[in-house]
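Below is one structure, written out as structure tokens; the observations come after it.
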Amino acid sequence: MAKIFIVDDSRIIRKVLTSTLKEAGHEVIGEAANGEEALKAFETVTPDLVTLDITMPVMDGLETLEKIRSDYPDLKVVMISAAGQKNKVMQALKLGALDFIRKPVEKDEMLDVINKHVV
């Protein structure tokens, strides 16, 4: 299955995503609480796909996505957004995100979105 990197400022969301993805047979190769941490990690790990929260401190998801597109143009990115972030989701899709998952995260929906892009 896929090597996935999770970027979200919520430890609970990271834990839920990690657990769900591992149960589905994916390998979670890293986690970060913000975009800056993620970009630093990408110097040493190469994921197949990144889940990227939109709203985070230090470096938010949109800024991180722009940097990923610049530095890692082939890296697959799926955004995670809370309700009410439609404009930011649309902006992320224009910047090159493949898809998005809505918070609160529904297990089946998340796996459908992830699997659509990695399997």
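The values are calculated or read from the model by the stated rules, or taken from the named source; none is laboratory data. Everything numeric in this text was worked out from a predicted model, so none of it was measured. Positions of Cβ are generated from backbone atoms using ideal geometry, with glycine treated the same way; all protein chains shown enter the neighbour counts.
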* Return only the number of the condition from (1) surrounded by 13 or more Cβ atoms within 10 Å (Cβ to Cβ); (2) out of contact with any helix residue (DSSP H, G or I) (no Cβ under 7 Å at 6 or more places or on another chain); (3) hydrophobic (A, V, I, L, M, F, W, C); (4) more than 21 Å from LEU65 (Cα to Cα) that ILE12 does not satisfy. => (1)
* Structure fact -> For region 1-16, the count of residues that are free of Cβ contacts under 8 Å to residues at least 60 places away in the same chain and in a strand (DSSP E or B) equals 4
* Evaluate region 50-57: report whether one residue or more is modelled with pLDDT under 95, surrounded by fewer than 19 Cβ atoms within 10 Å (Cβ to Cβ) and within 20 Å of ASP99 (Cα to Cα). => yes
* Structure fact -> Expected single match for in contact with a Gly (Cβ under 6 Å, 6 or more places away or on another chain), of a type outside the set (D, E, K, R) and closer than 18 Å to ALA38 by Cβ among THR64, THR55 is THR64
* To do: Restrict the check to region 37-45 and report whether at least one residue is crowded, with 17+ Cβ neighbours inside 10 Å and without any contact (Cβ under 8 Å) to a residue 24 or more places away in the chain.
  => no
* Return yes when VAL58 is in contact with an Asp or Glu (Cβ under 8 Å, 6 or more places away or on another chain) and in contact (Cβ under 8 Å) with a residue 60 or more places away in the chain and no when it is not. => no
* With respect to GLU37, is the statement that it is under 15 Å from MET59 (Cβ atoms) and either over 12 Å from the mean Cα position of the chain (by Cα) or of a type in the set (Phe, Trp, Tyr) (or both) true? -> yes
* Tell me, which residue of region 76-95 that is more than 11 Å from the chain's Cα centre (by Cα) and surrounded by 15 or more Cβ atoms within 10 Å (Cβ to Cβ) is farthest from VAL45 (Cα to Cα)? -> GLN85
